[in-house]
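For reference, the structure is listed below as structure tokens.
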Amino acid sequence: MAIKLRKLVVQVDETRIEMGQAVNPPARRAVAIAVIENPYAGRYEAKLDALIEAGEELGALLGSKCVEALGIAPGEAQSYGKAAIVGEAGELEHAAAILHPKLGAPLRVAVEKGAALVPSAKKMGTLGTAIDVPLGHKDAAFVRSHFDAIEARVSDAPRANEIVVAVAVTASGRPLPRIGGLQVSEIKGEDGLR
């Protein structure tokens, strides 16, 4: 499928001070958002292959945009997540199709490895609808310091016949994490859990 991409938005969030405490190095997160035409808007289709294929293309594009925005090497990425908002002429299953595991393979290439499942969220919405993109460590789901989310929103999307697709990547965990659990230094990265 040739994606009809109307808009691309890339944002970097950098926290330098949290509760009066310096965060050094700063906690850095990026989110890349694509606004695409929904090829199934306004009609029911039993097979959603075009969106599954679009997800594969978007995983590579948006993952690379995040890594580039953070100014890091792919292997320095720590967390990732994905989300989609479907406009009113679509259906929730359209978000599920685009976030299908095919999006994950090229995203894992963009961040180097990625043994853990990519956390995801989906919803229906209209212009300016926000979604929290869930985040988890890319190689070990049990790393609590990386449980987080970043908001994604495009002021003029999704239109009724569009889908907003967001991928987030971090260069760190939360600012000043201190709730224990598996530490980044203890990750084995073999099963996606530890």
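Since every read-out is calculated from the coordinates, none of them should be taken as a lab result. This is a predicted model, so every value here is computed, not measured. Glycine also receives a Cβ, built like all others from the backbone with ideal geometry; neighbour counts cover every protein chain displayed.
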Length-normalised contact order of the chain, Cα under 8 Å, at least 6 apart, in percent, tallies to 28
Among DSSP beta bridges lying fully in the range 5-186, give the percent that are antiparallel, nearest 5.
90
Label A130 and A46 with points 7 Å out from Cα along Cα→Cβ: what is the distance between them in nm?
4.2
Spatial separation of Cα centroids for the range 67-94 and the range 1-64, in angstrom:
4
Taking the chain, how many lysine pairs are there with alpha carbons less than 14 Å apart, if each pair must be eight or more places apart or span two chains?
9
In deg cm²/dmol, rounded to 500, what helix-only [θ] at 222 nm does the chain give when every DSSP H run of at least 4 residues adds -39500 (n - 2.57) and the total is split over its residues?
-6500 deg cm²/dmol
Once both axes come from the Cα atoms, what is the angle between helix 49-70 and the longest principal axis of the chain, in degrees from 0 to 90, rounded to 10?
40
Given charges of +1 on the Cβ of Lys and Arg and -1 on the Cβ of Asp and Glu, with all other atoms neutral, how large is the dipole of the chain about its Cα centre, in debye to the nearest 20?
260
On C-alpha positions alone, give me the angle between the axis of helix 101-111 and the longest principal axis of the chain, in degrees, nearest 10.
40
Highest GNM mean-square fluctuation, the chain, Cα pairs closer than 10 Å: which of P26, P106, P177?
P177
Counting Lys +1, Arg +1, Asp -1, Glu -1, what net charge surrounds S185 among other residues with beta carbon under 13 Å of its beta carbon?
0
Once you place label points 7 Å from the Cα toward the Cβ at Q183 and E18, how far apart are they in nm?
1.6
Set Lys and Arg Cβ to +1 and Asp and Glu Cβ to -1, take the dipole of the range 5-186 about its Cα centre, and tell me which of A115, G181, S64 lies farthest positive.
G181
Rounded, prolate or oblate: pick one for the range 5-186, where a ≥ b ≥ c are the square roots of the eigenvalues of its C-alpha gyration tensor, a/c under 1.5 means rounded, and failing that, prolate if a/b is larger than b/c, else oblate.
prolate
